[in-house]
Amino acid sequence: MGGDEIARIMYLTILGGALLAYVLLSRRADIGQSLRHLMLWGLIFIGVAAGYGLWEDTFAPRTQAVVTGDGQIAIPRARDGHYYLTLEVNDTPVRFVVDTGATDLVLSQRDAAAAGLDPDALAYLGQARTANGVVAIARVTLDDVVLAEGDLRIADQRVPAFVNQGELDTSLLGMGYLERFARIEIADGRLILTR
């Protein structure tokens, strides 16, 4: 928590205390009813604040990426702290989490099937060490991987990748793909890729 947030909390606490003191002192005769009204208004305030927060999390539009010029793509950090990018894999949109800790581009079983691969027919001969332990992986070659955002279109053919045999919720966009960019930068809550 930063200094600005602490100062804001202290200000709101002092303001709330002053309002509470005023209400209690002005209505000394019927303090029970004053406390009930105060609690009701407090609950209304909390409800509005929670509703606003849920609205922001649920309905606020978030752009996936923005083309900033000169072949730069700026990806905003998601609320969970990760960066997500949707690529077309064999003409199928696949949402990836950008993972600089992953060596390669790794597809989940579901995304591999959507991209036209048959996960049950693949040879899972390799192994990957993950946070959840060792998992079997199958090497594949993706015919087309396209990053299309606005007027910018970056297409790569015959991209090496892996399909994860284990449980993987979101496909991983690892360094095997990211190294195709001339520059990778994280600044101001954005991941900036330059080709």
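Sort out which residues of the range 156-187 are modelled with pLDDT under 90 and under 27 Å from P119 (Cβ atoms), and write them in order of number.
Those that are modelled with pLDDT under 90 and under 27 Å from P119 (Cβ atoms): G166, E167, L168, D169.
Could you check the range 142-195 for strands (runs of 3 or more DSSP E) lying wholly inside it with 3 or more residues that are surrounded by fewer than 17 Cβ atoms within 10 Å (Cβ to Cβ), touching a residue at least 12 places away in the same chain (Cβ under 8 Å) and in contact with a Leu (Cβ under 8 Å, 6 or more places away or on another chain)?
152-164
Mind checking whether some residue in the range 82-96 is in contact with a Pro (Cβ under 6 Å, 6 or more places away or on another chain), surrounded by 13 or more Cβ atoms within 10 Å (Cβ to Cβ) and at pLDDT 90 or above?
yes
Being under 20 Å from I75 (Cβ atoms) and of a type in the set (S, T, Y) narrows it down to one residue among Y177, Y124; which is it?
Details: Y124 fails: under 20 Å from I75 (Cβ atoms).
Criteria check complete, one pass: Y177.
For every residue, the table says whether it meets (1) assigned by TED's automatic domain parsing to the domain that holds L85; (2) among the charged types (D, E, K, R); (3) under 22 Å from the mean Cα position of the chain (by Cα).
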| residue | (1), (2), (3) |
| --- | --- |
| G133 | yes, no, no |
| D151 | yes, yes, no |
| V159 | yes, no, no |
| Q165 | yes, no, no |
| D169 | yes, yes, yes |
| G176 | yes, no, yes |
| D188 | yes, yes, yes |
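Mind listing whichever residues of the range 64-122 are in a loop (DSSP other than H, G, I, E, B) and small (G, A, S)? Walk me through it before giving the result.
Narrowing the range 64-122 to residues in a loop (DSSP other than H, G, I, E, B): 64-65, 70-71, 78-82, 90-91, 99-105, 108, 115-118, 122.
A65, G71, A78, G81, G101, A102, S108, A115, G116, listed by residue number.
So which residues in the range 93-112 are touching a Gly at 6+ places or on another chain (Cβ under 7 Å) and of a type in the set (S, T, Y)?
Within the range 93-112, just T103 meets the criteria.
The values are calculated or read from the model by the stated rules, or taken from the named source; none is laboratory data. None of these values were measured; they are calculated from a predicted model. Positions of Cβ are generated from backbone atoms using ideal geometry, with glycine treated the same way; all protein chains shown enter the neighbour counts.
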